[in-house]
Amino acid sequence: MSKKHGKHLPGHSQDGSVTDGPDRHQAARARAPSTAVWAGAADAIAGTVPAALGSHRQIPILAAPGIVAVEPGTRIDLSAVDADADGGLDKLWAKDALGQERERISALQERLYAERARSLLLVFQAIDTGGKDGTIRAVLKGVNPQGCTVSSFKVPSSDELDHDFLWRYHAKTPGRGMIGVFNRSHYEDVLVVRVKGLVPDAVWQGRYRLINDFERLLTESGTVVIKFFLHISKDEQKKRLEARIADPEKHWKFDPADLVERKSWDAYQQAFSDALSQCSSPHAPWLVVPANHKWFRNYVIARTIADTLEAMDPRFPKAAKGIADLKVPD
């Protein structure tokens with residue numbers, strides 16, 4: 001083996017003859033994992049799992065007044081939910097209150113990050129122009145970027161299509177101490193694929209159960225899941241699309257395909273209703289947010305996130321013993 005190919009292996013000379021060095025196969029076997037190795041690592045592994053997860057406590061999702069929570073086991077009729085509702089709140093008051101809720105979220109997020117025992121996943125779904133981007137920007141303003149990740153899910157890549165439908169979503173779930181945001185989510189695989197007929201009916205129908213199992217796995221592993229459906233009316237969508245066409249600076253947000261998708265409004269409403277009804281569970285209920293009024297939408301979502309984080313009650317870890325008595329040298 002020439003030098004340009006690297007160093008020769010232990011147990012072999014450069015000319016390929018066997019030397020008196022160690023048997024590389026034996027060394028490899030010695031390094032291989034074994035039952036004994038795993039048993040010896042059990043304490044270390046257990047030390048990375050928060051004790052609180054051993055006695056899993058379900059965290060209540062505290063929806064703000066004005067939000068419609070989908071009762072598990074019941075059917076939601078979106079046409080019966082007033083997308084124009086504003087809870088009787090004053091617009092100026094709500095905008096001011098939003099700032100206070102953002103401060104609460106920021107403070108609680110710091111504690112969650114420091115505790116590093118649990119995580120929070122925020123799922124946002126809506127029809128086109130529903131306001132997912134604007135909501136995320138408005139509600140999480142001021143949150144430390146180091147403790148928050150936003151994942152947007154577009155048309156799946158060929159690599160993603162080569163895996164099960166949940167693979168790309170599971171890879172983006174938040175780790176301990178983090179707030180994760182899904183801008184669109186695993187629900188696309190019972191919405192778009194259904195309306196466009198991309199898979200047989202039996203395939204997307206079977207995914208409701210798998211989604212429920214996936215969300216139960218997350219919650220029982222310490223991730224609190226809050227799911228928001230931003231509910232706008234068909235007239236409101238028309239106004240928002242027209243506003244994008246009228247404003248040259250908004251043209252980048254306009255996709256002519258949105259006009260084609262609008263023709264499937266009723267089909268999407270049916271698909272959303274079914275998904276929300278089939279997948280609203282005690283551990284991860286669906287919250288329907290009247291979203292025609294952006295100021296109302298932002299306030300009630302921010303309050304829901306802050307109240308739920310408060311119910312999680314993340315705490316700063318205990319300081320190392322004696323640290324309070326340390327002196328910083330001049």
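For segment 170-206, filtering for residues that are in contact (Cβ under 8 Å) with a residue 24 or more places away in the chain and either polar (S, T, N, Q) or not in a loop (DSSP other than H, G, I, E, B) (or both) leaves 15. Checking each residue of segment 301-320 against the condition of being free of Cβ contacts under 8 Å to residues at least 12 places away in the same chain and of a type outside the set (Gly, Ala, Ser) gives at least one match. If the condition is being among the polar types (S, T, N, Q) and part of a loop (DSSP other than H, G, I, E, B), then segment 68-85 contributes only THR74. Scanning segment 104-137 for residues that are farther than 26 Å from ALA275 by Cα and touching a helix residue (DSSP H, G or I) at 6+ places or on another chain (Cβ under 8 Å) turns up ARG104, ILE105, LEU108, GLN109, GLU110, LEU112, TYR113, ALA117, ARG118. Please verify whether SER277 is farther than 20 Å from VAL181 by Cα, crowded, with 18+ Cβ neighbours inside 10 Å and not aliphatic (A, V, I, L, M), treating the condition exactly as stated. For SER277, the condition - farther than 20 Å from VAL181 by Cα, crowded, with 18+ Cβ neighbours inside 10 Å and not aliphatic (A, V, I, L, M) - is met. Scanning segment 122-136 for residues that are surrounded by fewer than 24 Cβ atoms within 10 Å (Cβ to Cβ), among the aliphatic types (A, V, I, L, M) and within 13 Å of the chain's Cα centre (by Cα) yields VAL123, ILE136.
Within segment 282-292, can one find any residue that is in a helix (DSSP H, G or I), touching an Asp or Glu at 6+ places or on another chain (Cβ under 7 Å) and touching a residue at least 60 places away in the same chain (Cβ under 8 Å)? Within segment 282-292 (the criterion being in a helix (DSSP H, G or I), touching an Asp or Glu at 6+ places or on another chain (Cβ under 7 Å) and touching a residue at least 60 places away in the same chain (Cβ under 8 Å)), the answer is no, since none of the residues qualifies.
Please work out if ARG209 is surrounded by 11 or more Cβ atoms within 10 Å (Cβ to Cβ), among the charged types (D, E, K, R) and touching a residue at least 12 places away in the same chain (Cβ under 8 Å). So ARG209 fails the test. Residues of segment 125-150 that are free of Cβ contacts under 8 Å to residues at least 12 places away in the same chain and not basic (Lys, Arg): PRO145 alone.
Read-outs: derived from the displayed coordinates by stated rules, not from any lab. Note that this is a predicted model, so its numbers are computed, not measured. Cβ: placed from backbone, ideal geometry, glycine included. Neighbour counts: every protein chain shown.
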